[in-house]
1. Could you state the accessible area per residue of the chain in Å², with a 1.4 Å probe and every protein chain left in place?
2. Ser124: net charge of surrounding residues, Cβ under 12 Å, Lys/Arg +1, Asp/Glu -1, itself excluded?
3. Would you work out the charge dipole size for the chain about its Cα centre, treating the Cβ of every Lys and Arg as +1 and the Cβ of every Asp and Glu as -1, and quote it to the nearest 20 debye?
4. Relative contact order for the chain: what percent, with Cα pairs under 8 Å and sequence separation of 6 or more?
5. About its Cα centre, how strong a charge dipole does segment 79-118 have in debye, to the nearest 20, once Lys and Arg get +1 and Asp and Glu get -1 at the Cβ?
6. Could you check how much of the accessible area of segment 1-53 is carbon and sulfur, as a whole percent, using a 1.4 Å probe?
7. In Å, what Kirkwood hydrodynamic radius results for segment 23-124 from the alpha-carbon pair distances?
8. Taking the Cβ of Asn81 as the centre, find all other residues whose Cβ is under 13 Å away and add up their charges (Lys, Arg: +1; Asp, Glu: -1).
Amino acid sequence: VQLQASGGGLVQAGGSLRLSCAASGSTFNPYHMGWFRQAPGKEREFVSTTSGGSKYYADSVKGRFTISRDNAKNTVYLQMNSLKPEDSAVYYCAARQNRIITGLVKRAGSYDYWGQGTLVTVSS
C-alpha cells in the first residue's frame, strides 16, 4: 500500500492550491483518508479527514479548506483557498483501513499509512 501526495508549491497569501493523494493497492479501501501538516519546529497537526460520508476540519482551516474523495480512484483531495502564511508546512496524507470512533480521527496515531509529504509555502 502506498499513498502518493502531490500538488504542493509556492503561492501568495490569499491564493489557492489543490492537493491530491492517491492510494494504491488493489484491495486497499480505507475508511478514513485525510491530511495532516507539519511546520518547521512544530508537531504534526490535523488538518482534515473524510470518514465514510463525514468530513472533519481543524478550526484553523474551516471555511477555507475543502476535502473531497473520489472512491473510484481511491484518491483524496484538499482544496485550499484563502491561504495564509501560517498554512505553510509539509502536508501529509494519511489513511486508515478500518473505522474508528469519531473522537480519534484527529489523532495522527490513528492512521496506519502515510504519504511522503508535499511542501506548501505561502508567501506574505
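1. Each residue of the chain exposes 52 Å² on average to a 1.4 Å probe.
2. Values: positive: Lys84; negative: Glu86, Asp87.
Its environment carries a net charge of -1.
3. 200 debye
4. Taking the mean separation of contacting Cα pairs over the length of the chain, I get 37 percent.
5. Dipole about the Cα centre, nearest 20: 200 debye.
6. Solvent-exposed carbon and sulfur of segment 1-53 make up 45 percent of the total.
7. Values: mean 1/r = 0.0720 Å⁻¹.
So the Kirkwood estimate lands at 13.9 Å.
8. Charge balance near Asn81 sits at +3.
The values are calculated or read from the model by the stated rules, or taken from the named source; none is laboratory data. Bear in mind that the values here come from a model prediction, so they are computed numbers and not experimental data. Heads up, the Cβs are rebuilt from the backbone with ideal geometry, glycines too, and the neighbour counts pull from every protein chain shown. Keep in mind that these areas ignore ligands, DNA and RNA; they rest on the heavy atoms of the full protein, side chains included. Shrake-Rupley method; radii C 1.70, N 1.55, O 1.52, S 1.80 Å.
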